[in-house]
Amino acid sequence: VLEIHPWGSRNADLEHPDRLIFDLDPDESLPWPTVTEAAAEVRARLKKLGLTSFLKTTGGKGLHVVIPIAPQPKNQMDWPAAKSFAHAFVLAMEKANPRLYLTKMSKAARTGKIYLDYLRNERGATAVAPYSPRAHAGTAVSMPLAWSELGTPTRPTFHVANFADWHTRLAKDPWKTIASATQSIRAESLTTLGIKP
């Protein structure tokens, strides 16, 4: 199976990301509603910063919250600034709820927690693409979701083998407007997170 893992920038301007990704990677012991509540919290915090976000499954046990950013000339954020923003954002979540959230990569410390992976937001880092299959047992697919789909009691899973069961989803793309997003991360948003613009 071929996994598709693109950068968060476009070929025309590799040095300025046009998407930021927060990867919510939960410990296996956590119930699905806890993971969905975490994603909803990320969305709410981004909304307070004036940012619209999009959601997808990873094809694994977690979720990706994705922020589109307008490409140049509006976007002046380079990779170091993107990483600083993402890091400050997840640190604020960890500080507010250290029993649930973890920002360090250590697997030994992840028991009962959600690892908030911000490291997808640096030059050369990649993340699995929407609709990409995963090269794991079961061949699950990373699937864009509408935010309203977070209410399910169990983790939604989509597999290559049962494409016939979910192919109708392709008729209505919950990410339809992501490519036309014109938002940018404002200086006041950086200040709110303690970053000097």
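The values are calculated or read from the model by the stated rules, or taken from the named source; none is laboratory data. Owing to the predicted nature of the structure, the values given are computational and were not obtained by experimental measurement. When we count neighbours, we look across all protein chains shown, and the Cβ atoms used for this are built from the backbone with ideal geometry, even at glycine. Just the protein is used for accessible areas: all its heavy atoms, side chains included, with ligands, DNA and RNA removed. Shrake-Rupley method; radii C 1.70, N 1.55, O 1.52, S 1.80 Å.
The criterion of being assigned to a loop (DSSP other than H, G, I, E, B), open to solvent by 30 Å² or more (accessible area, probe 1.4 Å) and in contact with a strand residue (DSSP E or B) (Cβ under 8 Å, 6 or more places away or on another chain) does not hold for Pro153. Just to be sure before I move on: is Ser132 of a type in the set (S, T, N, Q) and in contact with a His (Cβ under 8 Å, 6 or more places away or on another chain) in the structure I sent? Against the criterion (of a type in the set (S, T, N, Q) and in contact with a His (Cβ under 8 Å, 6 or more places away or on another chain)), Ser132 qualifies. Can you say whether Lys61 is part of a loop (DSSP other than H, G, I, E, B) and of a type in the set (Lys, Arg), as far as the supplied structure shows? Spelling it out, Lys61 is indeed part of a loop (DSSP other than H, G, I, E, B) and of a type in the set (Lys, Arg).
Scanning the range 92-121 for residues that are in a helix (DSSP H, G or I) and either more than 22 Å from Thr58 (Cβ to Cβ) or open to solvent by less than 10 Å² (accessible area, probe 1.4 Å) (or both) yields Ala92, Met93, Lys95, Ala96.
Entry remark, the range 122-142: residues being aliphatic (A, V, I, L, M), assigned to a loop (DSSP other than H, G, I, E, B) and either at pLDDT below 95 or more than 12 Å from the chain's Cα centre (by Cα) (or both) number 3 in total. Residues of the range 28-51 that are part of a loop (DSSP other than H, G, I, E, B) and either of a type outside the set (D, E, K, R) or at pLDDT 95 or above (or both): Ser29, Leu30, Pro31, Leu49, Gly50, Leu51. For beta carbons closer than 6 Å, sequence separation of 6+ or different chains, a first residue in the range 1-27 that is within 26 Å of Ala92 (Cα to Cα) and a second that is open to solvent by 80 Å² or more (accessible area, probe 1.4 Å) and not aromatic (Phe, Trp, Tyr), the qualifying pairs are Asp18/Arg10; Asp27/Thr111.
Beta carbons closer than 8 Å, at least 6 apart along the sequence or on distinct chains, pair a first residue in the range 150-172 that is in contact (Cβ under 8 Å) with a residue 24 or more places away in the chain with a second that is open to solvent by 50 Å² or more (accessible area, probe 1.4 Å) and not charged (D, E, K, R) for Pro153/Pro33; Val160/Val1.
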